[in-house]
Ligand SMILES: Nc1ncnc2c1ncn2[C@@H]1O[C@H](COP(=O)(O)OP(=O)(O)OP(=O)(O)O)[C@@H](O)[C@H]1O
Ligand SMILES: [Mg+2]
């Protein structure tokens, strides 16, 4: 049987670092109806934090100050207790996604980045898919199934 | 509320203890880093303890923060002690493998 969509949220937020905690809060408030455990929710929040931070830190590095910098956050809840979080930017894209996903690969060295973002996203969710096109942007799709009693 | 508070400096042990407050992400890591570095460069301690007792969440920015301070302490000939790590935070730490670094010590 196909999972039924029971609720959906879409927001567009400026790609500024203040919105890292905003995105985490939105995702946890919206997912609460699926009764996740404290640990499951903490894991999801951490994974979302990584994806959103990447939009803010990496996606718009080459853009001028006046250019629009946004990311789109979509959260879908399914009746089987699954949450799907999509984080999309219209930034520079990733040339080699497979390489970018390698643990500890980073292009952000001087800013104390350590290349752990994708590792956290993969480890703290059930699936992490990345779609990216150079010059068009990047979309990360995180899925997590909550155990429920 | 201050984002980092400091316990009185322990002259005997040359130990500086920084207590972090709030979630650690890319947004909060920078002011935390600046506050810690200011104190470290002033006191030049042998041990920098970073306490996570008041940190409910930390993403990879926290690992960057720890590694950066570890490098500073290494240049001063000292080490870093991480204390009061919750189960959640320990999982991020374990993923990073930083507990294997010589001048990092983990306290429960
Ligand atoms: N949304 C994005 N747009 C453009 N490039 C990206 C995006 N997300 C990731 N990347 C690229 O993939 C690399 C790896 O990302 P990852 O999140 O794993 O590590 P990081 O952001 O460099 O460091 P950390 O997340 O540990 O602070 C980044 O350094 C960057 O080059
Ligand atoms: Mg990252």
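Using label points projected 7 Å from each Cα along Cα→Cβ, tell me how many nm separate residue A:2 and residue B:54, to one decimal.
Spacing of the two 7 Å Cα→Cβ label points: 5.1 nm.
Counting only DSSP beta bridges with both residues in segment B:4-106, what percent are antiparallel, rounded to the nearest 5?
So the antiparallel bridges amount to about 20 percent of the total.
Fewest Cβ neighbours within 10 Å first, please rank A:12, A:24, A:76 accordingly.
Going from sparsest to densest Cβ surroundings: A:12, A:76, A:24.
Just to verify a number: FRET efficiency for residue B:6 and residue B:86, C-beta to C-beta distance, R0 = 22 Å, to 0.05?
In this case the efficiency is close to 0.55.
Relative contact order for segment A:15-70: what percent, with Cα pairs under 8 Å and sequence separation of 6 or more?
Reported as a whole number, the value is 52 percent.
What value in Å³ per residue do you get for the convex hull of the alpha-carbon atoms in segment A:1-106?
About 126 Å³ per residue, rounded to a whole number.
Can you tell me the order of A:90-98, B:17-25, A:60-68 when each peptide is scored by its average per-residue count of other Cβ atoms within 10 angstrom, highest first?
Result, highest mean Cβ count within 10 Å first: B:17-25, A:90-98, A:60-68.
What does the structure give for A:28-35 when I average, per residue, the other chain Cβ atoms found within 10 Å of the residue Cβ?
Counting Cβ atoms of other protein chains within 10 Å of each residue's Cβ and averaging gives 0.
Go through B:58-65, B:6-13 and give me the packing order, highest mean Cβ count within 10 Å leading. Numbers along the way, then the final one.
Working: B:58-65: 26.5, B:6-13: 10.9.
In decreasing order of mean packing, B:58-65, B:6-13 become B:58-65, B:6-13.
Enumerate the residues in segment B:3-17 having an amide nitrogen under 12 Å from the point lying 7 Å beyond the Cα of residue B:38 toward its Cβ.
Correct set: B:3-6.
So if we plug the beta-carbon distance of residue A:9 and residue A:96 into 1/(1 + (r/R0)^6) with R0 = 30 Å, what FRET efficiency do we get, rounded to 0.05?
Efficiency computed from Cβ-Cβ geometry: 0.40.
Which whole-number percent is the relative contact order of chain B (Cα, under 8 Å, 6+ apart)? All intermediate terms of the calculation are to be shown ahead of the outcome.
On the way: 180 pairs, mean separation 26.8, N = 108.
The value is 25 percent.
What does the structure give for A:103-112 when I average, per residue, the other chain Cβ atoms found within 10 Å of the residue Cβ?
For this peptide, the per-residue mean of nearby foreign Cβ atoms is 3.
No value in this document is a laboratory result; all are computed from the given coordinates. Just so it is clear, the model here is predicted, and its values are computed rather than measured. Note: ideal-geometry Cβ built from the backbone for every residue, glycine included; neighbour counts use all protein chains shown.
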